[in-house]
There are 2 protein chains.
Amino acid sequence: MEQLFAHLSRYHPISDAARQAVAACFREDVHAKNDMLITQGQVCRRLYFVEKGCLRGYYHLEDKEVTHWFGFERDFVTSFHSFTTGQPSVENIQLMEGAVLWSVSREDLLRLLDTFHELERLVRIAYEKYYLRLEERYVNSQFRTAAERYEQLLEQAPHILERAPLGYVASYLGISQETLSRVRGRI
Amino acid sequence: MEQLFAHLSRYHPISDAARQAVAACFREDVHAKNDMLITQGQVCRRLYFVEKGCLRGYYHLEDKEVTHWFGFERDFVTSFHSFTTGQPSVENIQLMEGAVLWSVSREDLLRLLDTFHELERLVRIAYEKYYLRLEERYVNSQFRTAAERYEQLLEQAPHILERAPLGYVASYLGISQETLSRVRGRI
DNA sequence: GCAGACTTTTGACATCCGTCAAAAAACAAA
DNA sequence: TTTGTTTTTTGACGGATGTCAAAAGTCTGC
């Protein structure tokens with residue numbers, strides 16, 4: 001829980017009152033490797049904070065799995081579309097390692113944002129950062145060769161390569177596993 | 001200005017007090033076709049609302065221009081990275097048609113969000129929607145052929161094809177102009 | 001240490017798409 | 001209309017990358 005607060009205050013300071021309210025809403029869960037947090041078709045009702053471990057979000061395209069994000073320590077993860085709209089998730093969330101997660105329900109979160117302007121602001125700022133991250137990923141994928149994408153990842157997120165199998169990473173980068181393997185061998 | 005309020009209240013209702021404060025901060029500007037709103041290297045200090053007209057954001061990659069978004073009536077546009085971080089913009093914003101824009105400075109906007117929790121919430125909700133849009137674009141670009149991307153655009157944003165030259169659209173889709181032309185001929 | 005499962009690499013081949021160059025078409029201005 | 005400019009199309013070609021298939025490597029549990 002301390003880790004959660006430490007991370008939250010990097011977005012925006014939190015008063016004691018808000019801190020207590022947050023503490024009352026978040027709950028801790030332990031998950032085993034390969035557990036599914038959310039399966040496609042379910043509604044994702046919770047937002048998760050990763051204290052320990054890692055997971056991935058993936059969807060099915062034709063008969064393949066496409067991993068479109070990884071979550072590690074100090075990341076917030078959820079099926080964002082499902083969580084914000086209440087519609088069934090198109091993606092699956094799977095534990096890549098055993099993990100300790102803190103989570104809050106959509107209703108509790110909205111109540112918190114309603115009560116504490118400072119938390120609404122914190123979330124607004126967090127969204128800004130997450131948006132920038134996604135935008136950067138988008139720009140870095142368009143018009144880049146397989147080799148360039150791999151090198152970019154190696155620079156910007158080497159931990160992904162250390163903790164995720166190549167097959168997942170390949171689809172994350174938008175290339176085939178075979179191409180990624182060859183690119184990697186060449187460098 | 002009425003159009004701006006009408007659009008804002010689609011995200012979240014606005015009280016009279018907030019409405020007056022917003023009205024005091026936004027200003028109207030008219031721009032001519034091909035005007036540059038922001039050039040790469042400048043800091044983008046304002047957020048723009050498009051009342052009439054259209055524009056595009058693009059950046060340079062090697063010796064090409066890559067258009068990475070279009071803005072039309074009722075869109076908010078800015079160089080998001082520069083606007084939120086205060087760093088020089090990597091992108092250029094150019095008018096594709098003469099336009100009527102309403103804009104607010106970063107300082108005024110932050111003051112508004114500080115004073116009115118409801119506006120902070122409105123922005124938080126707007127960010128959610130913009131994030132989902134970007135995410136969808138991202139997913140729709142990865143692992144899709146040129147033809148699929150074009151068809152997707154034809155379904156989801158035909159107005160882009162009606163108002164932007166093919167060259168801009170091609171880079172927006174992440175393909176070459178020649179390929180887009182061929183794809184288009186085949187359908 | 002061995003069997004079975006999963007992951008990564010290697011090879012052969014086809015194809016989509018980018019590039020370069022030129023023609024055609026559309027548009028604008030005089 | 002005529003002329004010049006910009007945009008779009010067409011053609012020829014090569015290369016990067018996907019696909020299929022099999023081999024090699026790694027990991028796990030008994």
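What follows draws every value from the coordinates through simple rules; no lab data is involved. From a predicted model like this one, the values you see are computed outputs, not experimental measurements. Cβ: placed from backbone, ideal geometry, glycine included. Neighbour counts: every protein chain shown.
Data table
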read-out	value
Farthest positive-ward along the protein assembly as shown dipole, Cα basis, beta-carbon charges - from A:177, B:152, B:90	A:177
Cα pair distances in region A:75-175, grouped into 10 Å bins until the bin that holds the longest one, percent each	11, 34, 35, 17, 2
Cα centroid separation - region B:40-115 against region A:1-61, whole Å	33 Å
Cα gyration tensor shape of the protein assembly as shown, rounded if a/c is under 1.5, else prolate or oblate by comparing a/b with b/c	oblate
Mean separation of Cα contacts under 8 Å (6+ apart) over length of region B:1-159, as relative contact order %	29 percent
Calculated P(r) of region B:43-91 - Cα pairs past 15 Å, %	49 percent
Region B:35-160 - charge dipole about Cα centre, Lys and Arg +1 at Cβ, Asp and Glu -1, debye rounded to 20	180 debye
Helix-only [θ]222 nm of chain A, DSSP H runs n ≥ 4, -39500 (n - 2.57) each, per residue, nearest 500	-14500 deg cm²/dmol
Per-bin percent of Cα-Cα distances, region B:14-59 [10 Å]	19, 45, 26, 11
In nm, spacing of pseudo-spin labels at residue B:125 and residue A:17 (7 Å Cα→C-beta vector)	2.4 nm
Dipole magnitude of the protein assembly as shown, debye to nearest 20 (Cβ charges: Lys/Arg +1, Asp/Glu -1, about Cα centre)	360 debye
Directionally averaged shadow of region A:2-115, computed from the convex hull of its alpha-carbon atoms, nm²	7.1 nm²
At R0 = 35 Å, FRET efficiency that the Cβ-Cβ distance of residue B:35 and residue A:73 yields, to 0.05	0.15
Residues residue B:61 and residue A:182, FRET efficiency given R0 of 25 Å [Cβ-Cβ distance, rounded to 0.05]	0.55
Label-to-label distance, nm, for residues given as residue A:155 and residue B:111 (7 Å Cα→Cβ offset)	4.0 nm
Rounded FRET efficiency, nearest 0.05, which uses the C-beta distance separating residue B:162 from residue A:9 and R0 of 51 Å	0.60
Separation of the residue A:1 and residue A:140 label points, Cα + 7 Å toward Cβ, nm	3.5 nm
